[in-house]
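Below is one structure, written out as structure tokens, with a few remarks after it.
The values are calculated or read from the model by the stated rules, or taken from the named source; none is laboratory data. Remember, it's a predicted structure, so these values are computed and weren't measured experimentally. Methodologically, a virtual Cβ is constructed for each residue, glycine included, from the backbone with ideal geometry; neighbour enumeration extends over all protein chains shown.
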Amino acid sequence: MKDNVLILSIESSCDETAASVIENGRNVLSNIISSQIEIHKEFGGVVPEVASRKHIENINDVVEEALTKANVDIEKIDAIAVTYGPGLVGALLVGVNFAKGLSYAWNKPLIGVNHIEGHISANYIEDKSLEPPFICLVASGGHTHLVYVKDYGEYEILGKTRDDAAGEAFDKVARAIGLGYPGGPLIDEAAKKGNKGAIKFPRVVIDDDTLDFSFSGLKSAVLNYIHNSRQKDEEISVEDVAASFQEAVVEVLVMKTIKAAKRKNCSTIALAGGVASNSSLRKMLQEECLKNNYKFTKPSPVLCTDNAAMIGCAGYYKYLNKQFADSALNAMPNLELAK
């Protein structure tokens, strides 16, 4: 195995077209992200057909920019990694087919990467000393998972959402209180001006044994509160609703994560996914880790959102194990991290 491995990675699972060049798994030489947020704001959420078309328009330029910024020639690239699931099928297909074309044209190995594994791997980029095993809370628009990272590429799902993902609940509540899209950052900002104890929204625990999550009941409680207030012609404080809702989500996420660490006797906890950039979640989980003498690691916000650097990092460890794909690699919108 050569000393210096360069991976060109591509991510297109939702509404960011991204490409990156990663050196030895943890050194980011370039990380280019073309976001479609301004386009999808008009619709209040991601429109899959629009996202797919924009990926087609952007992907060639994004990949070229990643190579240029990294100052790397095609000949020096050792492999091409690409997200093949989970995500929006049309969006995934754009990235997968582009990567397959490059793999064939450049005669480079192709590596398929699970999007959730990518989010977990973002922590390796942020914390160069991080090694498995550790507990990782993956919270995003489409997923809420508690994962025991046994080794590179080896995962055990300890708990996951039974209905809405945390990020999905943020988006729906943000829309209900008139904040718009994307909901997560807007609720986080509004909550800073609100009283988190103003409204007693439920903390859905399900039962003491499971580490699964459920956010649909909390979302319904918020919608009912808004509806009842309007029926009574009572003024609604957007900031208080945002703060009280966010507190209810964060408390459950943190409580379950600490419980998972204790169950696995694991002293390191990591955050991942778009919701991992939430300031309240980062603060509360850090505080609980300090209380329990756990190491806590979290990616910087740019590595919490969908990006290709995290895909390149995950791809690097697959490269070391010669876990290559062939031309039959296809988009898998419902791909699971582990059985």
Would you check if ALA174 is farther than 13 Å from SER13 by Cα and at pLDDT below 95?
-> yes
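Each row is one residue, and each column tells you yes or no for (1) of a type in the set (A, V, I, L, M, F, W, C); (2) at pLDDT 95 or above.
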residue	(1), (2)
VAL62	yes, yes
GLU65	no, yes
THR68	no, yes
ASN71	no, yes
ILE77	yes, yes
VAL82	yes, yes
LEU88	yes, no
GLY95	no, yes
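Given the criterion of a type in the set (D, E, K, R) and either buried (at least 17 other Cβ atoms within 10 Å of the Cβ) or farther than 26 Å from LYS200 by Cβ (or both), identify the matching residue among LYS322, LYS291, LYS283, LYS232.
On the way: LYS291 fails: either buried (at least 17 other Cβ atoms within 10 Å of the Cβ) or farther than 26 Å from LYS200 by Cβ (or both); LYS283 fails: either buried (at least 17 other Cβ atoms within 10 Å of the Cβ) or farther than 26 Å from LYS200 by Cβ (or both); LYS232 fails: either buried (at least 17 other Cβ atoms within 10 Å of the Cβ) or farther than 26 Å from LYS200 by Cβ (or both).
Result: LYS322 is the single residue among LYS322, LYS291, LYS283, LYS232 that is of a type in the set (D, E, K, R) and either buried (at least 17 other Cβ atoms within 10 Å of the Cβ) or farther than 26 Å from LYS200 by Cβ (or both).
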Take LEU337 and decide whether it is in contact (Cβ under 8 Å) with a residue 60 or more places away in the chain, closer than 30 Å to PRO202 by Cα and within 16 Å of the chain's Cα centre (by Cα).
-> yes
Applying the selection to the range 183-215, what residues are at pLDDT 90 or above, small (Gly, Ala, Ser) and within 20 Å of ALA139 (Cβ to Cβ)?
-> ALA190, ALA191, SER214
Listed by range, strands (runs of 3 or more DSSP E) wholly within the range 119-220 having at least 1 residues that are touching a residue at least 24 places away in the same chain (Cβ under 8 Å) and surrounded by fewer than 17 Cβ atoms within 10 Å (Cβ to Cβ) are 154-160
When the range 44-98 is checked residue by residue, the ones that are part of a loop (DSSP other than H, G, I, E, B) and more than 23 Å from ALA165 (Cβ to Cβ) are ASN71, VAL72, ASP73, ILE77, ASP78
Given the residues SER35, SER12, SER103, SER52, which is the only one that is among the polar types (S, T, N, Q) and farther than 18 Å from GLY142 by Cα?
-> SER103
Does ASN307 satisfy the condition of being more than 15 Å from ALA139 (Cβ to Cβ) and either acidic (Asp, Glu) or surrounded by fewer than 14 Cβ atoms within 10 Å (Cβ to Cβ) (or both)?
-> no
Only one residue in VAL241, VAL252 is in contact with a Leu (Cβ under 9 Å, 6 or more places away or on another chain), of a type in the set (Val, Ile, Thr) and more than 21 Å from TYR124 (Cα to Cα), so which one is that?
-> VAL252
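Considering only the range 84-94, I want to know if a residue exists there that is within 16 Å of ALA260 (Cβ to Cβ) and touching a residue at least 12 places away in the same chain (Cβ under 8 Å).
Within the range 84-94, none of the residues are within 16 Å of ALA260 (Cβ to Cβ) and touching a residue at least 12 places away in the same chain (Cβ under 8 Å).
Can you say whether ASP164 is closer than 24 Å to SER214 by Cβ and touching a Ser or Thr at 6+ places or on another chain (Cβ under 8 Å), as far as the supplied structure shows?
yes
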Those residues that are in contact with a helix residue (DSSP H, G or I) (Cβ under 6 Å, 6 or more places away or on another chain) and hydroxyl-bearing (Ser, Thr, Tyr), I need them from the range 76-108; list them, please.
-> THR83, TYR84
If you go through the range 22-44 one residue at a time, do you hit one that is modelled with pLDDT under 75, surrounded by fewer than 21 Cβ atoms within 10 Å (Cβ to Cβ) and among the basic types (Lys, Arg)?
-> yes
State which residue is farthest from LEU337 (Cα to Cα) when the search covers only the range 72-109 and only residues that are surrounded by fewer than 23 Cβ atoms within 10 Å (Cβ to Cβ) and touching a Phe, Trp or Tyr at 6+ places or on another chain (Cβ under 6 Å).
-> ILE74
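Table: residues versus (1) under 15 Å from the mean Cα position of the chain (by Cα); (2) crowded, with 20+ Cβ neighbours inside 10 Å.
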{"site": "GLU247", "(1), (2)": "no, yes"}
{"site": "VAL275", "(1), (2)": "yes, yes"}
{"site": "LYS295", "(1), (2)": "no, no"}
{"site": "GLY315", "(1), (2)": "no, yes"}
Taking LEU253 as meeting all but one of (1) closer than 19 Å to LYS160 by Cα; (2) without any contact (Cβ under 8 Å) to a residue 60 or more places away in the chain, write down the number of the exception.
-> (2)
For the range 255-280, what are the residues that are closer than 16 Å to PRO202 by Cβ and in contact with a strand residue (DSSP E or B) (Cβ under 9 Å, 6 or more places away or on another chain)?
-> LYS256
